[in-house]
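The values are calculated or read from the model by the stated rules, or taken from the named source; none is laboratory data. All of these numbers come straight from a predicted model, not from anything done at the bench. Cβ placement follows ideal geometry from the backbone for every residue including glycine, while neighbour counts extend to all protein chains displayed.
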Amino acid sequence: MREAPLDFVTSMAAYGDVTRHDADGEQVYMLNRPDLARYVLKENGSNYTKDRTPDDDMLRPLLGNGLLTSSGDEWAAQRRMCAPAFRPSEVERFDQVITDAAAGLLNRWTGCGEGQAVRVDHDLTALTLTVIVKAMLGTDIGGAGDGFGRAVDAVNRFIGHYVPGDAIDPADTAVRYAGFHQARVFLDRVTRVIIAARRTGGGGGHDLLTSMLASGHAMSDTDLRDQVLTIIMAGHETTAKSLTWTLYLLDRHPEAARAVYAEIDEVLAGRMPTAADLPRLEACRRAIQEAMRLYPPVWLISRRSVEDDVIGGYDVPAGTLVCVSPWVLHRDPRYWDEPEAYRPERFASGRAAGHLSHQYLPFGGGPRICVGQHFALVEATLVLAVILREARLELVEGFPVEPEALVTLRPRHGMMMIPRPR
Ligand code: HEM
């Protein structure tokens with residue numbers, strides 16, 4: 001599981017719809033059928049908690065008790081508070097923040113000089129971080145923010161190489177954790193200063209922090225800090241990965257790319273996109289959805305059973321780690337025609353209706369489904385449209401591309417591509 005997680009989960013699925021393996025001395029169940037995923041995430045979701053899952057062990061020391069890590073009534077209250085700020089109509093108001101950032105990136109890329117390769121995965125992570133910080137806090141992370149970007153990078157690196165079962169002591173400043181510790185202290189201070197300023201001076205225009213403060217839920221500064229850092233950390237790396245994989249797949253599939261270019265030319269006729277164009281940027285959206293099928297940024301979802309249960313006819317004792325892998329479900333030939341093929345038309349309007357519930361779950365499922373899914377799709381679609389309006393990205397010849405399943409599914413060697421005029 002540790003050496004080759006994707007091969008491992010795929011090979012386990014060949015044994016059946018419910019499998020069990022031993023990991024670090026505990027029995028782990030994998031559920032490899034959409035209805036079983038639905039059962040655990042939704043129908044009997046109240047019997048399955050995120051508490052003490054590997055994700056929880058890793059994220060809690062950094063994010064405290066935010067929406068991603070909390071559970072029970074506390075989670076329900078947080079979700080009620082956050083959800084209104086993430087409605088489609090709300091997140092669409094960030095369209096210009098997104099298109100400005102994407103245009104800035106494109107300028108840098110095209111200014112690099114003809115034929116110069118760029119590290120697409122890094123640059124997109126920087127882009128999505130800029131966007132989420134601006135949307136969350138209403139502020140640019142330039143200037144002092146440079147430190148912000150570096151701190152988030154250090155945390156991402158730490159999380160990326162976290163080994164399940166490792167206890168993290170956030171106060172541990174030993175060499176192994178030094179970078180992480182400093183970054184955490186830095187992020188904590190910056191967010192607290194911004195929150196304090198907002199509490200005293202009011203201010204803030206349309207941003208997620210303002211929406212949370214205006215929600216009428218009393219929150220301590222620590223709770224608010226947890227929530228702000230949670231949204232920032234949960235809200236950029238995944239979107240950057242889905243954009244990276246989309247650009248890669250479009251380069252490998254010229255026909256799918258041509259459909260995207262044609263749509264962009266027709267809908268935008270040379271201008272920048274806005275949220276109003278989203279319903280007509282369907283080919284862009286499909287290209288992203290299909291990329292998230294083949295390379296789901298969250299490739300494993302885990303829960304722990306609270307009480308004894310029976311899943312698919314098998315006894316599952318209380319306290320068992322139960323996992324669902326979008327990677328496995330998204331590539332199961334029982335549910336997908338030619339599962340390895342990149343075919344965005346699978347997601348043509350109306351077709352999604354042909355999918356079973358929880359057969360496609362890049363954003364998870366049930367009440368804990370990703371609160372930022374509209375944000376992610378709005379952002380990814382607009383960024384794609386801005387970039388592909390003028391450029392195409394070509395993989396550096398012979399560059400090795402291989403998925404690596406850390407916390408998110410990322411290209412193991414990064415993604416080196418050359419921006420070319422379209
Ligand atoms: C393509 C991009 C994204 C993907 C693939 C993704 C995926 C997911 C998944 C699979 C979950 C559920 C995890 C579980 O059930 O254990 C989740 C939860 C969450 N996501 Fe996302 N996400 C993305 C973007 C975002 C964005 C943009 C934000 C915020 C702006 C965000 C914030 C969150 C939060 C706060 C949760 C926890 C929700 C809860 O438990 O109530 N995500 N995400």
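Determine whether VAL396 is in contact with a helix residue (DSSP H, G or I) (Cβ under 9 Å, 6 or more places away or on another chain) and touching a residue at least 24 places away in the same chain (Cβ under 8 Å).
no
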### Task
Please state which one of VAL193, VAL228 is part of a helix (DSSP H, G or I) and free of Cβ contacts under 8 Å to residues at least 60 places away in the same chain.
VAL193
### Summary
Reported set for segment 360-376 where residues are of a type outside the set (Lys, Arg) and near the ligand (Cβ under 6 Å from one of its atoms) is PRO362, PHE363, GLY364, CYS370, VAL371, GLY372, PHE375, ALA376
### Yes/no for THR238 being touching a residue at least 24 places away in the same chain (Cβ under 8 Å), hydroxyl-bearing (Ser, Thr, Tyr), out of contact with any Leu (no Cβ under 8 Å at 6 or more places or on another chain) and in a helix (DSSP H, G or I)
yes
### Task
Hey, can you tell me all the residues within segment 299-319 that are hydroxyl-bearing (Ser, Thr, Tyr) and within 16 Å of the ligand (Cβ to nearest atom)?
SER302, SER305
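Yes/no per residue for (1) in contact with a Gly (Cβ under 6 Å, 6 or more places away or on another chain); (2) of a type in the set (Lys, Arg); (3) surrounded by fewer than 19 Cβ atoms within 10 Å (Cβ to Cβ):
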{"residue": "ALA376", "(1), (2), (3)": "no, no, no"}
{"residue": "THR381", "(1), (2), (3)": "no, no, no"}
{"residue": "ILE387", "(1), (2), (3)": "no, no, no"}
{"residue": "PRO400", "(1), (2), (3)": "no, no, yes"}
{"residue": "THR408", "(1), (2), (3)": "no, no, no"}
{"residue": "ARG412", "(1), (2), (3)": "no, yes, yes"}
{"residue": "MET417", "(1), (2), (3)": "no, no, no"}
#### Entry: Near pairs, Cβ below 8 angstrom, 6+ apart or cross-chain, from segment 90-103 (farther than 12 Å from HIS206 by Cα) to any residue that is assigned to a helix (DSSP H, G or I) and of a type in the set (S, T, N, Q)
ALA101/THR130
### Residue count, segment 273-292 (criterion: buried (at least 24 other Cβ atoms within 10 Å of the Cβ) and assigned to a loop (DSSP other than H, G, I, E, B))
1
### Summary
The correct count of residues that are among the basic types (Lys, Arg) and under 26 Å from GLY179 (Cα atoms) in segment 47-76 is 2
### Task
Identify the single condition in (1) in contact with a strand residue (DSSP E or B) (Cβ under 9 Å, 6 or more places away or on another chain); (2) within 24 Å of PRO5 (Cβ to Cβ); (3) charged (D, E, K, R) that ASP332 does not satisfy, given that it satisfies every other one.
(1)
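Of all the helices (runs of 4 or more DSSP H) wholly in segment 4-71, which have at least 3 residues that are buried (at least 20 other Cβ atoms within 10 Å of the Cβ) and either over 22 Å from the mean Cα position of the chain (by Cα) or at pLDDT below 95 (or both)?
54-63
Please count how many residues of segment 46-76 are out of contact with any strand residue (DSSP E or B) (no Cβ under 7 Å at 6 or more places or on another chain) and either under 18 Å from TYR360 (Cβ atoms) or away from the ligand (no atom under 14 Å from the Cβ) (or both).
Residues meeting the conditions: 1.
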### Query
in a loop (DSSP other than H, G, I, E, B), buried (at least 23 other Cβ atoms within 10 Å of the Cβ), of a type in the set (A, V, I, L, M, F, W, C) and in contact with a helix residue (DSSP H, G or I) (Cβ under 7 Å, 6 or more places away or on another chain): does that describe LEU361?
yes
